[in-house]
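The values are calculated or read from the model by the stated rules, or taken from the named source; none is laboratory data. Just so you know, these numbers come straight off a predicted model, no measurement behind them. Glycine also receives a Cβ, built like all others from the backbone with ideal geometry; neighbour counts cover every protein chain displayed.
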Amino acid sequence: MTDQSSTRSEDRPHRHRISVQDYHRMAEEGLLGTGARFELIEGAIFDMAPAGDSHRRIVHRLDELLRQAVGAQGIVRRHASLRLGSDSEPQPDLTVLRARADGYHTAPPTASDTLLVIEVSDATWHYDHDTKVPFYARHGIAEVWLFDLTSATVHFFRGLTGGQYTDESATENPGLTFLPGLTDVAVDLAAVFPSR
C-alpha cells in the first residue's frame, strides 16, 4: 500500500523564485510595466499599493524629521530598494542607513548597512505587519517602525534575536524616540500625526 500523503506532497507544484538579477532584467525589458511600483520579497514579485494623501504626508513629514535629526551621522532614503539576499529587494517607505562615502551609489544597501526601516500603513496593514515585519527580521534588519494610519498608532519592533523581534510595543502617543545605531540621535514622533 502506498502512503498517499507523501505522494500528494511530492506532486505539489513548486514555486519558482525570481532572483534579484532576473527581477532587474524583467524591469529593464519593460515586463513589469511602466509607472507601477513593485518589490521582490523572497522570490515573489508584489505590487505596491498606490499611496494615498495621508500616506504621502506622513512619509514626507517623517523624512524631514529624520534628515534633520540624523545629519551627517547616517543616510535617510525614501522609497529606495534594499538588497536582502539573492531573491529579495523590498522598497520600504523610509530607511536610515549607516553613513557611507559613496552614498550607496556604487552598490545597494544590505541588512548590515540598515539601522532602521519604517513602513507607513493604511490599506496595507496586514501585508506590512504579517509579511514584511517578519521578513525584515529573518533578513537581519535590527529595528522596524510601523505607522498604522488607521488607528494613529506607532508599532516598534526591536530586540532582533534568532530572526525574530523579541521586543514589540505600540503607542498612540509617541514622543521623543532614539534612533538605533546612532549616538544621541532622537526624533519627536509626536509631530507626525497631524491631529496631535
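Some points to look at:
- Residues in segment 116-166 that are part of a helix (DSSP H, G or I), within 23 Å of Ala51 (Cβ to Cβ) and of a type in the set (A, V, I, L, M, F, W, C): Trp125, Val133, Phe135.
- Looking only at segment 125-141, residues that are more than 12 Å from Ser88 (Cβ to Cβ), at pLDDT below 95 and crowded, with 19+ Cβ neighbours inside 10 Å come to 1 in all.
- Some residue of segment 72-84 being surrounded by fewer than 14 Cβ atoms within 10 Å (Cβ to Cβ) and among the hydroxyl-bearing types (Ser, Thr, Tyr): no
- Residue match in segment 175-193 (condition: touching a Phe, Trp or Tyr at 6+ places or on another chain (Cβ under 6 Å), surrounded by 20 or more Cβ atoms within 10 Å (Cβ to Cβ), at pLDDT 90 or above and closer than 23 Å to Glu64 by Cα): no
- All conditions in (1) surrounded by fewer than 15 Cβ atoms within 10 Å (Cβ to Cβ); (2) at pLDDT below 95; (3) of a type outside the set (Gly, Ala, Ser); (4) touching a strand residue (DSSP E or B) at 6+ places or on another chain (Cβ under 7 Å) hold for Thr150, with the sole exception of (4).
- Candidates Ile45, Ile58, filtered to the one that is surrounded by 10 or more Cβ atoms within 10 Å (Cβ to Cβ), at pLDDT 70 or above and touching a helix residue (DSSP H, G or I) at 6+ places or on another chain (Cβ under 8 Å): Ile45
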